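J.: Let me give you the structure first, and then I'll get to my questions.
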Amino acid sequence: MNSVILYWVLVAVMIVGVIGALVPAIPGIGLILGAMLVWGFVSKFAGMGVTLVVTVVILLLSIAVDFLATVWGAKKVGASDWSQIGAMVGLFAGLFGFLPALPFGGPIIGLFLGPVVGAFVGEYAYRKEWETRKRFQQSLKVCVGIVVGTLFGNIAKALLALTSVIIFVYYTLPYVPK
């Protein structure tokens, strides 16, 4: 394959990675880093020193942002530790298909629903001294907080991913054969 075509195919793969940073079911920053490494081996890493360092830093930042945004969203609405534990359990349960069978989506839907259902159950169980209506309202509030926090986290991850792709193109485009 012509190296120019390969370069632009890899940039397209990186754009899919940017989308993946926003949508949980698609690989994100890891896909971008993988495409960069493929180009690095093809080009003998010409012009890629800064790019790889920035991408690895962005990968670590995106992991932190993802976790912190969800925690921030939950804490903003007064979530208990039980709801956060429930969200983690729900994430794994949804990812590995332990939630009740759905007629569509499978693990992809589980990635979205698992943490929300887990947080709801965890918060509802924690607030057992409250009356049922108040427990239900607080549990719903926690779910909304987690969803909002996750959305903000995903947007931040997508912006970080886009930054790494832009830096890659900026530093490596001069080394692409004409």
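What follows is calculated from the coordinates using simple rules that are stated; it is not laboratory data. All values derive from a computational prediction rather than experimental measurement. Note that we place each Cβ from the backbone using ideal geometry, even for glycine, and neighbour counts take in every protein chain shown.
J.: Using the Kyte-Doolittle scale, find the helices of the chain whose mean hydropathy is at least 0.5 and whose Cα atoms extend 27 Å or more along the helix's long axis, counting only whole DSSP H runs.
T.: Answer set is 3-22, 49-76, 107-126, 132-172.
J.: Which of the peptides 141-152, 49-60 is most tightly packed, and how do the rest follow, going by the mean number of other Cβ atoms within 10 Å of each residue?
T.: So the peptides 141-152, 49-60, ranked by packing, come out 141-152, 49-60.
J.: Follow-up. Could you name the lysines whose alpha carbon sits less than 22 Å from that of Lys134, not counting residues in the same chain fewer than 8 places away?
T.: Excluding near neighbours in sequence, the set is Lys75, Lys76.
J.: Continuing with the same structure: Beta carbons within 10 angstrom, averaged per residue: use that to sort the peptides 128-134, 78-84, 170-176, highest first.
T.: 78-84, 170-176, 128-134
J.: Here's a follow-up. Using unit Cβ charges (K, R positive; D, E negative) and no other charged atoms, how large, in debye to the nearest 20, is the dipole of the chain about its Cα centre?
T.: Approximately 220 debye in magnitude.
J.: Quickly work out the Lys75-to-Phe136 label distance, labels modelled 7 Å from Cα along the C-beta direction, and quote it in nm with one decimal.
T.: For the pair Phe136/Lys75, the computed spacing is 3.1 nm.
J.: Using only helices, what value at 222 nm comes out for the chain when you add -39,500 (n - 2.57) per DSSP H run of length 4 or more and divide by the total residues, to the nearest 500 deg cm²/dmol?
T.: Computed ellipticity for the chain at 222 nm equals -27500 deg cm²/dmol.
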